[in-house]
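Participant: I'd like to ask some things about the structure below.
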Amino acid sequence: MAAKATLKFGGQEIELGVEEGTEGEKAIDISGLRAQTGLITLDPGFANTGSCKSAITFIDGEKGILKYRGIPIEELAEKASFLETAYLLIYGRLPNKPELDSYVDEVTCHTMVHENIRRFYDGFPKKAHPMAVSAAVIGALATFYPDRQDPSGRRDAEGSIVRLLAKFPTIAANSYKYSIGQPFVYPKNRLNYCSNFLQMMFANPCAEYEPDPVVAKALDLLLILHADHEQNCSTSTVRLVGSSLSNLFASISAGISALWGSLHGGANQKVIEMLESIRDGEGSAAAFVEKSKKGDDTTRLMGFGHRVYKNYDPRARIIKKSCHQVLERLGIHSKLLEIATNLEEIVLNDDYFVQRNLYPNVDFYSGIIYQAIGIPKNMFTVLFAMGRLPGWVAHWMEMHEDPQFRIGRPRQIYTGEINKKFIPIDQR
Ligand code: SDX
């Protein structure tokens, strides 16, 4: 017998179905609520509202659990590669060796961008933020592949998916090279995904450059940890834009823009700026912690807190450990890591944060590794987007294959003026 919920209102009593997920989560199905009662629900920020059923990623915020397609993030972080994880998220299972080799080859063979795309950058100011550039250029890919636009056709989507995964690193590295006035570096098919990105970022015509495998491995780990996180702000954006039958390039471009915000993926850049200002004596860690208790979004302690995790973000735990390992392997002493560790210690013992279950999230330590491997601060969120790309794609595909697919269009409660008359301009 399926569970039911009873709603009583205005002398009316109705029964609503209760859906239960494979991990035991329960949701009241309100899809017939307005038709039956004239009522809608109101949930600013959607903290209590499920937008869909999904089989891609599971998060238990209370226990700090994250699984991609049922596999714990800790196992994937230790044993998988980023492209293997992308395959898992998008196709629902781990590839066997021939499948993975063929997938890697296919992505590798699409890493170059059309020469016309290289000219886009000349139109941007030198100081253009790489997130703005990435959103613009990714969106413009739709103009180069008009035949890959039919959202309902999985074959079309396959072509767009490979092109997005393959070209994102090239587009990102190009935005960095443009910002420092260096020539763009073409991808090299002999290199793996992360080594290729590193050489496009740091090689130049005047010197030999061989990517450090330790750095490439650290980057691969970071991309895995950022690959998906169920219905976060940017993934929900990709779903909503895709629900109007906009093409995949347009939907991903919208996701990049949503991720850019400092409350979301943009926090990783803000964390480093916060740690640097503490290092440079513009405020002690304790002062930052005190200021962050004002409760407004602009003074919050970047890298702490989460809508879902009310425990330590499992990704932050892995990244913190990797921080120490990578910096030690590279022989780098990071004052910022010291400050971050001290800040975490203060916060985890501060009642304000303890009472609100505020812990380090994925953005708190990631920038320290990015900085240690030479990535400039304004590229941090671009790397977050590069990691999140397979998750966005997986959700976009899942939405289009959902039998309950329909355009997303929330309702509202109107609180504005009523029965106003038009006043001619000479009487206003
Ligand atoms: C990501 O959704 C995802 O899954 C996102 C993500 C992903 O992988 O896609 O995990 C990636 O976006 C991580 C979060 C990165 N952002 C930051 O680090 C920015 C700082 N964090 C906060 O802005 C905040 O914690 C959010 C945005 C992450 C969550 O915001 P919520 O859920 O709206 O939190 P809330 O406002 O309900 O907070 C509850 C209380 C409030 O205080 P009271 O009103 O109860 O007095 O906690 C306070 C908040 O003021 N609070 C903080 C705080 N975060 C929340 N106070 C100080 N510093 C903080 N960081």
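The values are calculated or read from the model by the stated rules, or taken from the named source; none is laboratory data. None of these values were measured; they are calculated from a predicted model. For neighbour counting, all protein chains shown are included, and Cβ atoms are generated from backbone atoms with ideal geometry for every residue, glycine included. The protein model used for the area step is the full one, side chains on, heavy atoms only, and it has no ligands, DNA or RNA in it. Shrake-Rupley method; radii C 1.70, N 1.55, O 1.52, S 1.80 Å.
Participant: Scanning the stretch 26-77 for residues that are surrounded by 15 or more Cβ atoms within 10 Å (Cβ to Cβ) and of a type in the set (S, T, N, Q), which turns out nearest to residue 89 (Cα to Cα)?
Facilitator: Ranking the qualifying residues of the stretch 26-77, first place goes to 57.
Participant: Please go through the stretch 338-353 and give me each residue that is out of contact with any Phe, Trp or Tyr (no Cβ under 8 Å at 6 or more places or on another chain) and more than 11 Å from the ligand (Cβ to nearest atom), ordered by number. Walk me through how you get there before you give the answer.
Facilitator: Of the residues in the stretch 338-353, the ones out of contact with any Phe, Trp or Tyr (no Cβ under 8 Å at 6 or more places or on another chain) are 338-339, 341-342, 345-346, 349-352.
If the condition is that a residue be out of contact with any Phe, Trp or Tyr (no Cβ under 8 Å at 6 or more places or on another chain) and more than 11 Å from the ligand (Cβ to nearest atom), then 338, 339, 341, 342, 345, 346, 349, 351 are the ones that fit.
Participant: Another question about this same structure. Tell me, which residue of the stretch 36-88 that is assigned to a helix (DSSP H, G or I) and aromatic (Phe, Trp, Tyr) is nearest to the ligand (Cβ to nearest atom)?
Facilitator: Per the stated criteria, the residue is 46.
Participant: While we're here: Hey, can you tell me all the residues within the stretch 230-243 that are open to solvent by less than 10 Å² (accessible area, probe 1.4 Å), in contact with a Leu (Cβ under 8 Å, 6 or more places away or on another chain) and within 12 Å of the ligand (Cβ to nearest atom)?
Facilitator: Of everything in the stretch 230-243, just one residue is open to solvent by less than 10 Å² (accessible area, probe 1.4 Å), in contact with a Leu (Cβ under 8 Å, 6 or more places away or on another chain) and within 12 Å of the ligand (Cβ to nearest atom), namely 234.
Participant: Still on this structure, I have one more. How about the stretch 265-277: which of its residues are open to solvent by less than 30 Å² (accessible area, probe 1.4 Å) and within 15 Å of the ligand (Cβ to nearest atom)?
Facilitator: Passing the criteria: 265, 266, 267, 268, 271, 272, 274, 275.
Participant: If you don't mind, there's one more thing I want to ask. From 292, 262, which residue is within 12 Å of the ligand (Cβ to nearest atom), open to solvent by less than 50 Å² (accessible area, probe 1.4 Å), more than 20 Å from residue 222 (Cα to Cα) and among the hydroxyl-bearing types (Ser, Thr, Tyr)?
Facilitator: Working: 262 fails: more than 20 Å from residue 222 (Cα to Cα).
On inspection, the qualifying residue turns out to be 292.
Participant: With respect to residue 203, is the statement that it is closer than 30 Å to residue 109 by Cα, among the small types (Gly, Ala, Ser), at pLDDT 95 or above and under 16 Å from the mean Cα position of the chain (by Cα) true?
Facilitator: No, not satisfied.
Participant: Can you pull out the residues in the stretch 354-365 that are over 22 Å from residue 282 (Cβ atoms) and either part of a helix (DSSP H, G or I) or open to solvent by 20 Å² or more (accessible area, probe 1.4 Å) (or both)?
Facilitator: 354, 355, 356, 357, 358, 359
Participant: Of all residues in the stretch 3-25, which are of a type outside the set (S, T, N, Q), open to solvent by 70 Å² or more (accessible area, probe 1.4 Å) and out of contact with any Phe, Trp or Tyr (no Cβ under 7 Å at 6 or more places or on another chain)?
Facilitator: Residues satisfying the conditions are 4, 8, 9, 10, 11, 13, 15, 19, 20, 25.
Participant: If only one of 121, 178 is open to solvent by less than 10 Å² (accessible area, probe 1.4 Å) and more than 21 Å from the chain's Cα centre (by Cα), which one is it?
Facilitator: Values: 178 fails: open to solvent by less than 10 Å² (accessible area, probe 1.4 Å).
Going through 121, 178 in turn, just one is open to solvent by less than 10 Å² (accessible area, probe 1.4 Å) and more than 21 Å from the chain's Cα centre (by Cα): 121.
Participant: Among 111, 170, 85, which is the only one that is within 23 Å of residue 381 (Cβ to Cβ) and touching a strand residue (DSSP E or B) at 6+ places or on another chain (Cβ under 9 Å)? Outline the logic, then answer.
Facilitator: Values: 111 fails: touching a strand residue (DSSP E or B) at 6+ places or on another chain (Cβ under 9 Å); 170 fails: touching a strand residue (DSSP E or B) at 6+ places or on another chain (Cβ under 9 Å).
Going through 111, 170, 85 in turn, the sole match is 85.
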